[in-house]
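Okay, structure first, notes after.
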Amino acid sequence: MEIEDETGGWGRWMLQIRAGAAEIVPTHVEGQVTFTRRQLAVWYAGGYRSTTSARMAGVHAVSEKALATLVRSTAQFEPWLPDHF
């Protein structure tokens, strides 16, 4: 993933999913999906229920397969955030 950082630049991160647990670690590999910080929060909360909804929100991916893989990783869960505003 390429994710916008707090300075407006972009960082590269690798999403690793093993045995139901996920971790995002820094990498130098070019990202398959590009997120703003806000888009990342929506994805993390399970807000993109389909590739269409992610594309409509402006998430960029190098392929439909890359976007589908990313959406599938959170789409099985109901959207939620533990924080209350």
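Tabulated data for the structure shown
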item: Top-ranked residue in the range 60-85 [being among the hydrophobic types (A, V, I, L, M, F, W, C) and open to solvent by less than 80 Å² (accessible area, probe 1.4 Å); ranked as nearest to TRP10 (Cα to Cα)]; result: ALA61
item: Meets criteria (open to solvent by less than 50 Å² (accessible area, probe 1.4 Å) and without any contact (Cβ under 8 Å) to a residue 12 or more places away in the chain) for GLY8; result: yes
item: Which listed residue, of GLU30, GLU23, is of a type in the set (Asp, Glu), open to solvent by 70 Å² or more (accessible area, probe 1.4 Å) and without any contact (Cβ under 8 Å) to a residue 12 or more places away in the chain; result: GLU23
item: Residue selected from the range 40-59 under the condition in contact with a helix residue (DSSP H, G or I) (Cβ under 9 Å, 6 or more places away or on another chain), open to solvent by 40 Å² or more (accessible area, probe 1.4 Å) and among the aliphatic types (A, V, I, L, M), by the criterion farthest from PHE77 (Cα to Cα); result: ALA57
item: Residues satisfying the stated conditions in the range 51-66, i.e. farther than 18 Å from ARG37 by Cβ and touching a Ser or Thr at 6+ places or on another chain (Cβ under 7 Å); result: GLU64
item: Counted residues, the range 19-35 - those being in contact with a helix residue (DSSP H, G or I) (Cβ under 9 Å, 6 or more places away or on another chain), part of a strand (DSSP E or B) and not hydrophobic (A, V, I, L, M, F, W, C); result: 0
item: Those residues of the range 52-81 which are touching a Phe, Trp or Tyr at 6+ places or on another chain (Cβ under 8 Å) and in a loop (DSSP other than H, G, I, E, B), in sequence order; result: ALA57, VAL59
item: Members of the range 1-58 found to be of a type in the set (Asp, Glu), more than 13 Å from the chain's Cα centre (by Cα) and at pLDDT 85 or above, listed by number; result: GLU30
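The values are calculated or read from the model by the stated rules, or taken from the named source; none is laboratory data. Values in this document were obtained by computation on a predicted structure and should not be read as measured data. Here the Cβ is made from the backbone with ideal geometry for all residues, glycine too, and neighbour counts use every protein chain on show. SASA here: full protein model, heavy atoms, side chains in, ligands and nucleic acids out. Shrake-Rupley method; radii C 1.70, N 1.55, O 1.52, S 1.80 Å.
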